[in-house]
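Below: one structure, written as structure tokens.
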Amino acid sequence: MKFVKVAIARPLRKTFTYKNLLPNENIVGKRVFIEFHRKKIVGVVVQMCSNMDEEFEIKQIISVLDETPLFESNFLKKIKDISQKFFFPMGELLSLFTPNLMRKPKHSDELQKYKIDDTKFEITNNFFKKLTYEQKLAVKNIQNSKKQEHLIFGVTSSGKTEVYKHLIYDEFKKNNSAIILVPEIFLAPKIYEEFKESFGENVFLYHSNLTELQRYKIWLNCQKKSPKIIVGTRSALFLMPKNTNIIVFDEEHDQSFKQQDKLRYDAKSLAKELYQNSKIIYSSATPSFKLLQKVKDKEIDVSKLFKRIGETPTPDIFIESINKTKLVGGISETLINKINLNHKAGNQTLILINRRGYAPVYLCNSCGWIAKSNCCESSLVYHREEKRLKCHRCQSSWGLPDNCPECNKNDFEVKGVGTQQVELNLKHTFPNIDILRIDSDSVSGKLRRESTLEKIEDKNPKILIGTQLLAKGHDFQKISLIIILNLDFGLFGADVHLQEQTIQLLIQAAGRAGRSGIKSEVILQSRISHHPLFKKVKSGSYELISQDILSEREKLNLFPFTKLIYLKAEDSNLKKINEFLVRAKEKLSKKNVEVYGPFEGPVSKVGYKYRMFCIIQSNNDKDLHNSASGLINALDKEKRTISNWVLDVDPINVT
């Protein structure tokens with residue numbers, strides 16, 4: 001045909017017509033080199049057409065870059081559906097499935113030098129542990145289940161990993177592949193090494209810190225039909241390995257599986273769309289409320305593992321009230337004494353505080369001035385080691401002021417506690433104890449991550465201090481005391497997801513204790529020890545806690561009993577955002593659809609731009625989607641009045 005429709009990696013919700021360079025050849029699914037707005041870029045042909053529907057002069061394709069299609073027609077139809085579901089331009093979506101090297105105008109012949117032979121490795125069953133009765137039952141249930149999705153709901157140390165390891169082994173024998181998704185790069189190497197012991201060179205580690213060439217070579221491997229296991233973060237979904245029959249979400253509840261910019265996809269929803277013939281397994285000790293409700297509604301199957309391997313004792317959970325209590329570096333004297341006794345017993349202590357830096361507030365004692373970011377409505381965090389003030393929103397950084405900009409006095413003080421302050425005070429209190437701080441500041445870079453993981457696995461007595469990174473998936477053999485600081489704020493606030501995430505963090509942190517048979521304690525330090533939720537938390541049963549909260553939410557018709565989309569907007573002019581959202585609200589209001597707002601975001605300004613949002617809510621998925629689609633169609637016809645807006649499907653927070 002004479003013309004083709006080309007999708008390009010730009011934030012534009014349409015394709016563009018070009019003259020076919022090879023009119024007698026079907027080039028759908030192939031990359032093409034084109035001129036677009038005086039720039040030469042790479043696009044993907046998504047449709048052939050005999051007639052043109054453009055009002056402007058039709059340009060010709062400069063060159064076709066592939067001998068064989070990169071994307072099949074059926075896959076392109078699927079991408080179009082996903083594009084419409086997440087309200088994301090098709091061209092930008094396709095670029096996520098294309099390695100960086102292939103986004104450049106390189107002909108496929110130029111990339112032949114990286115070609116990989118399709119090798120079939122020998123599969124052995126080395127390093128597989130004997131399954132317990134519960135684990136065997138879980139494997140059998142998942143294999144016999146007729147449903148696509150299955151939840152492994154197991155307490156920490158119950159052997160969830162071994163269950164899906166055996167499932168993957170059985171698929172390997174059928175020449176099928178698997179993807180194991182983890183929430184953080186920091187967790188990926190541990191699972192990668194564990195699976196490599198059993199599956200050898202069939203296992204590949206994939207994440208954003210790999211080089212362009214490393215990612216391209218793994219992508220090439222995924223085009224081969226030999227069985228393989230991909231261990232990686234959420235972006236590994238876009239590799240699309242041949243014959244993938246199992247996808248595992250390890251620590252399913254973690255919010256890192258939700259992309260928070262550009263294509264704001266929930267990896268779990270996306271996996272269902274992309275891998276419709278694959279079994280999807282969710283593994284967690286604290287499953288998301290949404291997933292638990294799907295289990296109750298019999299939409300997905302569940303296997304429960306509520307016995308710890310080796311009869312490992314469940315830790316006791318206590319609440320330590322700190323009202324009118326003197327604190328040492330953010331920790332009560334009672335708990336300081338407990339840390340000392342725990343170390344003398346030869347055990348390790350883990351202190352969890354979900355705030356990095358030294359102190360979250362840097363202020364002037366004389367006049368009350370507080371150091372704030374020029375570009376964000378947030379206090380600057382004092383980082384003592386670097387002697388800098390940092391904005392944790394936009395990552396900007398300032399030197400310390402000599403004098404207060406308001407009263408010109410040098411009378412500064414810090415308020416609040418971060419990981420660095422806890423570390424410094426404990427080093428002063430316990431000069432002879434090994435203390436290790438683990439947060440995103442201390443583990444950035446591959447070498448630092450590997451070094452930190454080695455120190456974590458060391459069983460010598462020590463104190464570990466860190467953010468939520470420490471509550472995710474680590475196997476601490478000698479920890480018998482866990483202290484959790486500053487989580488009170490997570491029990492309040494308008495964000496319906498925050499309470500769920502706080503409870504998950506508490507139970508996950510508790511699960512790091514007592515893993516080698518040691519009697520252990522988990523202590524939550526709080527100024528609101530009377531909060532009714534703490535009575536439930538002390539039971540340690542996430543199942544009971546979640547049932548109670550879901551029952552309350554059902555009565556109030558709150559998430560997950562209603563469907564949500566957030567309309568988020570930002571601009572340097574607050575008045576313009578408000579006017580935009582008010583107009584959008586009028587367009588969104590339909591039968592069976594409720595719209596609330598506009599509201600200011602919890603962080604009202606980031607990067608010199610104000611942020612506001614509206615909540616779009618309905619009990620009917622179709623009505624909700626149609627309302628949002630109608631808004632897009634209307635706004636696409638209007639002149640843009642603000643710098644940016646986005647529809648966030650399956651939202652997990654309002655930031």
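Scan region 356-370 residue by residue and report those that are buried (at least 21 other Cβ atoms within 10 Å of the Cβ) and assigned to a loop (DSSP other than H, G, I, E, B). Answer for region 356-370, where residues must be buried (at least 21 other Cβ atoms within 10 Å of the Cβ) and assigned to a loop (DSSP other than H, G, I, E, B): Arg356, Gly357, Tyr358. Might you check whether a residue that is assigned to a helix (DSSP H, G or I) and under 30 Å from the mean Cα position of the chain (by Cα) occurs anywhere in region 301-317? Within region 301-317 (the criterion being assigned to a helix (DSSP H, G or I) and under 30 Å from the mean Cα position of the chain (by Cα)), the answer is yes, since at least one residue qualifies. Met1 meets each of the listed conditions (1) open to solvent by less than 20 Å² (accessible area, probe 1.4 Å); (2) more than 29 Å from the chain's Cα centre (by Cα) apart from (1). Residues of region 402-429 that are over 15 Å from Ile463 (Cβ atoms) and touching a residue at least 40 places away in the same chain (Cβ under 8 Å): Cys404, Glu406, Cys407, Lys409, Asp411, Phe412, Glu413, Val414, Lys415, Gly416, Val417, Gly418. Here Gly29 meets each of (1) modelled with pLDDT of 95 or more; (2) open to solvent by 20 Å² or more (accessible area, probe 1.4 Å); (3) touching a Phe, Trp or Tyr at 6+ places or on another chain (Cβ under 7 Å); (4) not basic (Lys, Arg) with one exception, condition (2).
Listed here are the residues, each with its yes/no results for (1) open to solvent by 10 Å² or more (accessible area, probe 1.4 Å); (2) in a loop (DSSP other than H, G, I, E, B); (3) of a type in the set (A, V, I, L, M, F, W, C); (4) farther than 25 Å from Lys173 by Cβ.
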residue	(1), (2), (3), (4)
Lys196	yes, no, no, no
Ile230	no, no, yes, no
Ser269	yes, no, no, yes
Ile281	no, no, yes, no
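From the list Lys165, Lys136, pick out the single residue that is open to solvent by less than 30 Å² (accessible area, probe 1.4 Å), part of a helix (DSSP H, G or I) and not hydrophobic (A, V, I, L, M, F, W, C).
Numbers: Lys136 fails: open to solvent by less than 30 Å² (accessible area, probe 1.4 Å).
Testing whether each residue is open to solvent by less than 30 Å² (accessible area, probe 1.4 Å), part of a helix (DSSP H, G or I) and not hydrophobic (A, V, I, L, M, F, W, C) leaves just Lys165.
Could you please let me know if Ile507 is open to solvent by less than 40 Å² (accessible area, probe 1.4 Å) and touching a helix residue (DSSP H, G or I) at 6+ places or on another chain (Cβ under 9 Å)? Explain how you work it out, then say what you get.
Numbers: open to solvent by less than 40 Å² (accessible area, probe 1.4 Å): yes; touching a helix residue (DSSP H, G or I) at 6+ places or on another chain (Cβ under 9 Å): yes.
Yes: the conditions hold for Ile507.
What pairs can you find where one residue is in region 1-26 and touching a residue at least 40 places away in the same chain (Cβ under 8 Å), the other is hydrophobic (A, V, I, L, M, F, W, C) and open to solvent by 60 Å² or more (accessible area, probe 1.4 Å), and their Cβ atoms are less than 7 Å apart, with a gap of 6+ or different chains? Between residues of region 1-26 that are touching a residue at least 40 places away in the same chain (Cβ under 8 Å) and residues that are hydrophobic (A, V, I, L, M, F, W, C) and open to solvent by 60 Å² or more (accessible area, probe 1.4 Å), the close pairs are Phe3/Met52; Thr17/Met52; Asn20/Met1.
Residue by residue, here is whether (1) β-branched (Val, Ile, Thr); (2) more than 25 Å from Gly511 (Cβ to Cβ); (3) open to solvent by 10 Å² or more (accessible area, probe 1.4 Å) holds:
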residue	(1), (2), (3)
Lys140	no, yes, yes
Ser145	no, yes, yes
Glu171	no, yes, yes
Lys174	no, yes, yes
Ser177	no, yes, no
Val182	yes, no, no
Ile185	yes, no, yes
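Restricting Asn51, Asn24 to those that are open to solvent by 10 Å² or more (accessible area, probe 1.4 Å), part of a loop (DSSP other than H, G, I, E, B) and in contact with a strand residue (DSSP E or B) (Cβ under 9 Å, 6 or more places away or on another chain) reduces the list to Asn51. Answer with yes or no whether Gly514 is at pLDDT below 85, more than 20 Å from Ala285 (Cβ to Cβ) and either not hydrophobic (A, V, I, L, M, F, W, C) or not in a loop (DSSP other than H, G, I, E, B) (or both). Against the criterion (at pLDDT below 85, more than 20 Å from Ala285 (Cβ to Cβ) and either not hydrophobic (A, V, I, L, M, F, W, C) or not in a loop (DSSP other than H, G, I, E, B) (or both)), Gly514 does not qualify.
The values are calculated or read from the model by the stated rules, or taken from the named source; none is laboratory data. Computed from a prediction, not measured in an experiment: that's the story for all the values here. Every residue, glycine as well, gets a Cβ built from its backbone with ideal geometry; the counts of neighbours run over all protein chains shown. Surface areas here come from the heavy atoms of the whole protein model, side chains and all, with no ligands, DNA or RNA. Shrake-Rupley method; radii C 1.70, N 1.55, O 1.52, S 1.80 Å.
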